[in-house]
Amino acid sequence: MQRIDFDDILFVEGMKEYLRIHTKTEKIMVLERFKNLEESLPSEQFIRVHKSYLVALNKIDRIEKNRITIAKTVIPISETYRDAFFMVVKRDGV
């Protein structure tokens with residue numbers, strides 16, 4: 001087991017049965033269902049933007065059309081999550 005502070009998480013990437021948690025300093029692979037992790041993270045800090053990506057709102061460097069950039073990684077925003085994401089961005093001024 002390894003403790004990860006919420007503030008250290010940049011984004012989470014789904015990889016079949018595994019999740020890769022990208023932090024400021026490392027990438028951590030865990031065997032966990034995406035839904036379980038999503039429910040355990042604070043919804044005011046993290047949002048799902050794609051079936052394979054969950055991002056930390058305060059770590060977003062750039063939003064450009066249907067893409068987010070976090071720490072030089074480009075993350076797609078899918079149609080399924082697009083409206084909810086942009087509603088949060090407008091509301092919170094991300």
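Just so you know, all these numbers are worked out from the coordinates, no wet-lab data involved. The shown structure was predicted, so the numbers you read here are calculated from the model rather than taken from an experiment. Reconstructed Cβ throughout: ideal geometry from the backbone, glycine too, with neighbour counts over all protein chains shown.
Region 54-88 and region 29-53 have Cα centres spaced 14 Å apart. Contact order for the chain, expressed relative to its length and based on alpha carbon pairs under 8 Å spaced 6+ residues apart, stands at 20 percent. Taking amide hydrogens as placed 1.01 Å from N in the peptide plane, the amide H of Tyr53 sits under 5 Å from those of Gly14, each at least 5 positions away in sequence or on another chain. Amide H contacts of Ile68: Ile75, Ile77, each under 5 Å away and 5 or more positions distant or on a separate chain (H built 1.01 Å from N in the peptide plane; Pro and chain starts excluded). Per residue of the chain, the DSSP helices (runs of n ≥ 4 H) give a summed -39500 (n - 2.57) that works out to -6500 deg cm²/dmol at 222 nm. Restriction of the trypsin sites (Lys or Arg not before Pro) in region 14-94 to DSSP coil positions whose beta-carbon has at most 14 other beta-carbons within 10 angstrom yields Lys16, Lys24, Arg33, Lys51, Lys65, Lys72. Here the Karplus relation 6.51 cos²θ - 1.76 cosθ + 1.60, evaluated at θ = phi - 60°, turns the backbone of region 74-91 into coupling constants of 8, 10, x, 10, 7, 4, 4, 9, 4, 4, 5, 4, 5, 5, 5, 4, 5, 5 Hz, with x for every Gly and Pro.
Among Asn36, Asn66, Asn58, the largest mean-square fluctuation in a Gaussian network model of the chain, built with springs joining Cα atoms closer than 10 Å, belongs to Asn36.
The chymotrypsin sites (Phe, Trp or Tyr not before Pro) of region 2-55 include none that DSSP puts in a loop with a beta carbon having at most 15 other beta carbons within 10 Å.
The alpha carbon convex hull volume per residue for the chain rounds to 95 Å³.
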